[in-house]
Amino acid sequence: MFWLASPEEQPDRNNSNKCNMKIRDYFKAMVALAAFAAMATGASALTVEVDTPPMPEVEATATEAVESLGRPSMGERMKTLWYETGIYGFLAKEERLAAPPAVVEKSVYDAEVAANRRASVLPFGLGQGVMIIVSLVLIYLALVKDFEPLLLLPIGFGGLLANVPNAGITAAPVVKMVVDAATGVSMPVTVEPGGFLYYVFEMGVANGLFPLLIFMGVGAMTDFGPLIANPKTALLGGAAQFGIFCALLGALVLNDYVPGINFSIRDAASIGIIGGADGPTAIWLTTKLSPDLLGAVAVAAYSYMALVPIIQPPLMKLFTTEAERKISMKQLRPVKKIEKVVFPIIVVLLCALLLPSAIPLVGALMLGNLARECGAVDRLSDTMANPLINIVTILLGLSVGSKLAAEKFLTAETLGVILLGLFAFGVGTSAGVLMARVMNLFLKEKINPLIGSAGVSAVPMAARVSNKVGLEYNSSNFLLMHAMGPNVAGVIGSAVVAGVLYRLCTVL
């Protein structure tokens with residue numbers, strides 16, 4: 001067929017033939033496809049007529065159970081949606097678990113649920129609401145009152161996320177054992193993955209990794225020069241650890257004489273370490289000995305570290321005279337670089353010979369300090385002191401906050417933890433001050449007892465408090481660098497005590 005136009009506008013015959021050939025090819029392809037479909041239909045009809053072996057009885061039972069469920073109605077769908085809301089979660093009296101599978105007997109399912117149900121002092125939903133309020137208070141203290149914001153903010157936010165109903169952020173993965181039909185071997189199969197905070201906790205806190213990385217960063221930021229220049233101040237850092245053992249004994253006394261409080265020796269050791277005023281150390285030891293107390297211990301430890309300017313001054317003034325508070329201390333001698341480089345190596349070797357159980361914390365601390373002082377690995381030192389410790393602090397705080405569960409936090413034991421932690425902190429502060437007064441009985445060059453309060457390892461806040469109180473009585477008496485000696489000694493002391501307690505409690 002040609003266009004009714006001038007000869008110049010008529011298409012070329014060759015192009016027309018090519019177009020006709022393409023149309024014929026397409027037509028042949030369509031005919032082939034139709035024939036293939038017809039053959040496939042006939043083959044399927046033949047296969048239906050062939051006798052098939054009956055399904056196994058177990059498979060038939062499962063199939064009948066699934067088919068008996070039918071499609072859910074619109075009302076059932078809306079009811080399920082209501083169960084998934086946070087409003088229903090806050091009103092629930094018990095934790096809502098998954099519906100029983102179709103092929104599992106209800107009695108078996110109910111028995112498993114009863115065995116895994118967790119006791120709570122409040123209805124489940126109300127307890128979650130209370131813990132959300134507690135988490136918001138922690139966030140308020142971090143952002144508004146500036147109480148240890150680097151840790152209390154992620155801890156508070158982790159607690160907030162963990163107590164959102166039906167979110168499953170801290171839920172463990174659902175794993176079922178499935179028998180391989182071919183080999184007969186049972187294999188675990190993950191039916192539903194766990195929440196992301198569950199994996200963060202298991203990855204870094206349950207195995208003690210995050211506290212060790214924190215200690216590495218602390219070592220990279222710490223100058224042990226004041227301690228090296230005045231080694232006798234290490235006794236003040238050691239004396240401040242006395243509060244740890246007093247709180248440990250106090251926890252055992254409460255266990256024996258106060259109804260409703262049940263503290264084991266492991267619980268008592270975890271509570272006592274609060275007196276060292278060292279958050280990472282407290283988290284490391286509590287994770288090893290008493291994981292259920294982790295939330296209460298961590299919150300108490302960091303809260304008292306933030307309250308150092310409020311707790312310590314009254315005790316410092318109570319156990320010193322005005323004349324002692326006015327004692328001036330001469331400037332510390334300069335410390336050579338070789339001394340600072342050799343110091344962490346010597347500390348690790350001594351710890352390895354005398355207290356190997358404390359090597360994880362002390363070793364991480366001294367590795368960071370050696371990287372700082374040697375001057376040959378500035379990139380590593382900067383990484384430890386900045387990006388590494390910041391990232392780990394976020395993950396550590398979220399992980400600890402995920403343990404702020406109502407059934408573990410809203411108990412009489414938590415009140416005991418908070419009171420004993422305060423007692424331990426006060427005893428440690430007082431012991432450091434009294435130790436300085438005892439040392440002055442034998443020293444020609446007197447030391448100001450105020451620096452003894454810095455023996456708790458709240459670096460550098462405790463040293464700043466000692467300096468501030470000293471300036472109130474002598475405006476020319478700058479005690480900051482003198483107080484840093486017992487302050488950094490307290491860091492080493494709390495790590496050593498944690499290692500000792502861990503070894504004793506695992507042996508007993």
Counting only heavy atoms of protein chains, what accessible area per residue, in Å², does segment 376-463 have with a probe of 1.4 Å? 40 Å²
Any idea of the accessible area per residue across segment 154-228, 1.4 Å probe, to the nearest Å²? 46 Å²
Phe245 - accessible surface, heavy atoms, 1.4 Å probe, Å² rounded to 10: 90 Å²
D (Stokes-Einstein, µm²/s), Kirkwood Cα radius, segment 429-491, 1.306 mPa s at 10 °C: 140 µm²/s
For segment 267-282 and segment 475-498, what is the centre-to-centre distance using only Cα atoms, to the nearest Å? 18 Å
Residues meeting the amide H criterion for Leu404 (H placed from the backbone, H to H distance under 5 Å, 5 or more places apart or on another chain) are none
Long-range HN-HN contacts of Phe147 with modeled amide H, under 5 Å: Ala142
Carbon/sulfur accessible area of segment 278-359, % of total, 1.4 Å probe, equals 70 percent
Note: Val185 to Ile345 extended length (0.36 nm per residue) minus current alpha-carbon separation gives 52.5 nm
For segment 133-178 and segment 189-210, compute the distance between their C-alpha centroids and round to whole Å. 15 Å
In Å², and per residue, what accessible area does segment 313-368 have when probed at 1.4 Å with the other protein chains present? 59 Å²
Tell me, what is the FRET efficiency for Ser73 and Tyr199 to the nearest 0.05, using R0 = 30 angstrom and their Cβ-Cβ distance as r? 0.20
Give me the extension gain from Lys326 to Asn440: residue separation times 0.36 nm, minus the current Cα-Cα distance, reported in nm with one decimal. 39.7 nm
For Glu472, what accessible surface area do you get with a 1.4 Å probe? Give it in Å², rounded to 10. 100 Å²
Carbon and sulfur atoms: what percent of the 1.4 Å accessible area of segment 174-225 do they account for? 68 percent
Find the relative contact order for segment 288-410 and round it to a whole percent, using C-alpha pairs within less than 8 Å whose residues are 6+ positions apart. 39 percent
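Taking 1 over the mean of 1/r across every pair of different Cα atoms in segment 315-406, what Kirkwood radius in Å do you get?
That comes to 17.1 Å for segment 315-406.
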Looking at segment 326-427, which trypsin sites (Lys or Arg not before Pro) are in a loop (DSSP not H, G, I, E or B) and have at most 10 other Cβ atoms within 10 Å? Lys330
Intensity falloff of segment 239-291 expressed as log10 I(q)/I(0), Debye formula with alpha-carbon point scatterers, at q = 0.15, 0.22, 0.31 Å⁻¹: -0.38, -0.75, -1.13
What do you reckon, how do Met366, Met203 stack up by accessible area (1.4 Å probe), largest on top? Met203, Met366
Report in % the part of the accessible area of segment 407-508 that belongs to carbon and sulfur, leaving out ligands and nucleic acids; probe 1.4 Å. 69 percent
What are the ³J(HN,Hα) couplings of segment 302-315, residue after residue, when phi is run through the Karplus curve with 6.51, -1.76, 1.60 and θ = phi - 60°? Round to Hz, x for glycine and proline. 6, 5, 6, 4, 6, 8, 3, x, 9, 7, 6, x, x, 5
Hey, with R₀ at 30 Å, roughly what FRET efficiency would Lys145 and Asn474 work out to, going by the Cβ-Cβ distance, to 0.05? 0.50
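The values are calculated or read from the model by the stated rules, or taken from the named source; none is laboratory data. All values reported here derive from a predicted model rather than from experimental measurement. Glycine also receives a Cβ, built like all others from the backbone with ideal geometry; neighbour counts cover every protein chain displayed. For the accessible areas, the whole protein counts, side chains as well, though only heavy atoms, and no ligand, DNA or RNA atoms are used. Shrake-Rupley method; radii C 1.70, N 1.55, O 1.52, S 1.80 Å.
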